[in-house]
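Have a look at the structure below, then the notes.
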Amino acid sequence: MTSPASQPVQGMSDLGPPEIAAWQKIEEKARQVLSLYHFSEVRTPVLEHTSVFTRSLGDTTDVVQKEMYTFEDRGRRSLTLRPEGTAGVMRYVAGQGAEALDARLYYLGPMFRCERPQAGRKRQFHQLGVEALGAPSAAADVEVIALQQHIFSSWGLRNCRVEVNTRGTPEDRKTVSEGLVNALRPHADKLCEDCRRRLETNVLRVLDCKNPDCGKVVDQLPPVTSFMSEVSRKYLDEVMRLLAMLNIPAKLNPRLVRGLDYYVHTVWEVRHPGLGAQDAISGGGRYRIDIGGKAIDGVGFAVGLERVLAALEHDKPEGLRAASNPVAWIISMGEKAMEENLVLAQTLRLRGIQCGLDLAGRSMKAQMREANRSQAAYAIIRGDREMEAGVLVLKNMVDGGQEELELPALIEKLVGASRGEVAKT
RNA sequence: GUGGAUGUAGCUCAGCUUGGCAGAGCACCAGGUUGUGGCCCUGGUCGUCGCGGGUUCAAAUCCCGUCAUCCACCCCA
């Protein structure tokens with residue numbers, strides 16, 4: 001069953017017919033909402049020059065340092081399987097004309113990170129990402145957060161809320177980290193081992209340490225925004241005010257930290273309870289990325305689709321798993337009838353009626369059982385007996401009633417039933 | 001990268017402590033019902049016990065290695 005040759009690579013998995021229906025459903029719903037907000041899809045390659053990521057994500061981030069699938073191709077170029085979507089989209093935008101600098105784009109596809117797999121963390125996983133380019137404004141950030149929430153509610157996602165924070169301007173970074181280090185150093189003895197290391201490498205990470213002792217120290221600190229410029233504080237206030245105006249339930253979380261270097265001003269994250277340790281289903285923020293000599297401003301977010309599906313499993317999948325059932329299942333008795341029924345199936349399908357049939361010559365009972373399993377609304381029975389009489393038996397699989405019809409009448413009836421099905425959904 | 005748990009039929013799992021014929025439920029197939037599904041009854045099929053090696057008269061069971069999955073850390077979507 002699980003010989004190495006029959007398994008996918010570690011942390012990667014197949015999506016078969018049982019799972020795929022839900023995937024297609026959430027993709028379709030997301031696309032509908034995205035078009036309401038006038039966003040267009042972009043598809044960039046899965047493989048990029050490594051520098052695309054090292055430059056925009058930051059050389060020292062964990063994603064770049066220890067999670068990327070990087071290798072040399074035959075021309076000895078360093079290539080990397082994309083660990084996230086923004087960098088590639090920015091490379092694309094930089095190659096376009098100036099008018100692309102206010103594009104509204106989204107992408108959907110597999111991302112790769114070579115981490116130790118666990119629940120909610122695959123080595124190949126899928127993200128839906130949105131990038132709204134253009135000069136910074138709180139209103140633009142809020143519009144994108146509103147879009148995100150709109151997509152979530154189209155999926156029927158409940159029990160999740162947005163946490164918002166700010167990273168300030170690029171100029172703020174230095175004062176923030178100096179300020180934090182100075183404020184924390186006197187309490188270094190109360191911090192965990194990891195946080196003492198973070199004091200030197202990445203102070204911001206001390207803020208969201210899960211260790212309760214570190215939390216106590218952090219709670220005593222002056223707010224991070226106090227190390228920032230007036231501009232940054234105003235920007236954050238504006239974002240919170242507009243979110244309230246749009247009735248978007250968002251919580252200011254001064255301890256929220258986002259890992260990638262390109263973020264400025266607004267950052268946010270969405271968590272879902274009941275997902276275990278990997279509970280962030282979406283993360284985003286405003287960014288400024290320098291690429292190809294251009295500085296690109298934008299705001300965006302990325303949603304982890306595997307985690308969304310896990311969250312939906314937890315909430316209530318209502319409506320998301322409905323696979324389309326055939327309208328009719330055709331049952332044949334005898335070889336001659338089976339051939340005629342193959343023709344019938346083709347006729348029905350060309351008329352847009354979804355149907356199935358058994359071509360293996362199995363017993364009536366077996367074929368009926370299959371019809372039942374397929375959840376078809378009707379069974380059509382035609383054997384040699386019906387062939388002689390020039391009729392077909394149409395059986396209603398719900399109430400069990402059946403009638404004999406000639407071919408044209410049967411087709412018309414099924415066309416009607418098929419339309420009814422479509423109208424209902 | 002660190003620490004822990006698990007891997008037996010298509011699925012969910014028992015059996016492992018103390019080595020002795022490979023099991024249950026669900027699913028699937030057939031019959032009960034000569035051409036009528038779902039419910040019920042009866043019967044049946046399906047296993048390199050994750051993989052490789054070792055110990056032993058004998059290994060699903062004990063030992064070593066390996067691969068994979070899960071949980072937590074780290075980090076992230």
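Before moving on, here are some points about what is shown:
- In region A:80-102, the residues that are touching a residue at least 60 places away in the same chain (Cβ under 8 Å) and away from RNA strand B (no atom under 13 Å from the Cβ): A:M90, A:R91, A:V93, A:A94, A:G95, A:L101
- Restricted to helices (runs of 4 or more DSSP H) entirely inside region A:1-79, those with at least 2 residues that are away from RNA strand B (no atom under 12 Å from the Cβ) are A:17-36, A:50-57.
- Failed criterion for A:S324 (all others in (1) within 29 Å of the chain's Cα centre (by Cα); (2) within 15 Å of RNA strand B (Cβ to nearest atom); (3) part of a loop (DSSP other than H, G, I, E, B) hold): (2)
- Filter result for the condition that a residue is more than 14 Å from RNA strand B (Cβ to nearest atom), farther than 24 Å from A:G298 by Cα and out of contact with any strand residue (DSSP E or B) (no Cβ under 6 Å at 6 or more places or on another chain), over A:R198, A:R173, A:R158: A:R158
- Checking every residue in region A:107-122 against the condition of being buried (at least 16 other Cβ atoms within 10 Å of the Cβ) and more than 24 Å from A:W23 (Cβ to Cβ) gives zero matches.
- Criterion: under 24 Å from A:T61 (Cα atoms) and in the same structural domain as A:V142 (by TED's automatic domain parsing) - qualifying residue of A:S177, A:S232: A:S232
- No other residue among A:R161, A:R113 is touching a residue at least 60 places away in the same chain (Cβ under 8 Å) and of a type in the set (K, R) apart from A:R161.
- Test for A:A132: is it assigned by TED's automatic domain parsing to the domain that holds A:V257, in a helix (DSSP H, G or I) and small (G, A, S): no
- Qualifying positions in region A:180-195 - away from RNA strand B (no atom under 12 Å from the Cβ) and within 21 Å of A:G58 (Cα to Cα): A:L180, A:V181
- Filtered residue count, region A:277-304, keeping only those that are within 11 Å of RNA strand B (Cβ to nearest atom) and within 18 Å of the chain's Cα centre (by Cα): 13
- Among the residues of this structure, A:L147 does not count as one that is within 16 Å of RNA strand B (Cβ to nearest atom), buried (at least 16 other Cβ atoms within 10 Å of the Cβ) and assigned to a loop (DSSP other than H, G, I, E, B).
The values are calculated or read from the model by the stated rules, or taken from the named source; none is laboratory data. Keep in mind that what you see is a predicted model, and the values were worked out from it rather than measured. Cβ coordinates were reconstructed from backbone atoms using ideal geometry, including for glycine residues, and neighbour counts include every protein chain displayed.
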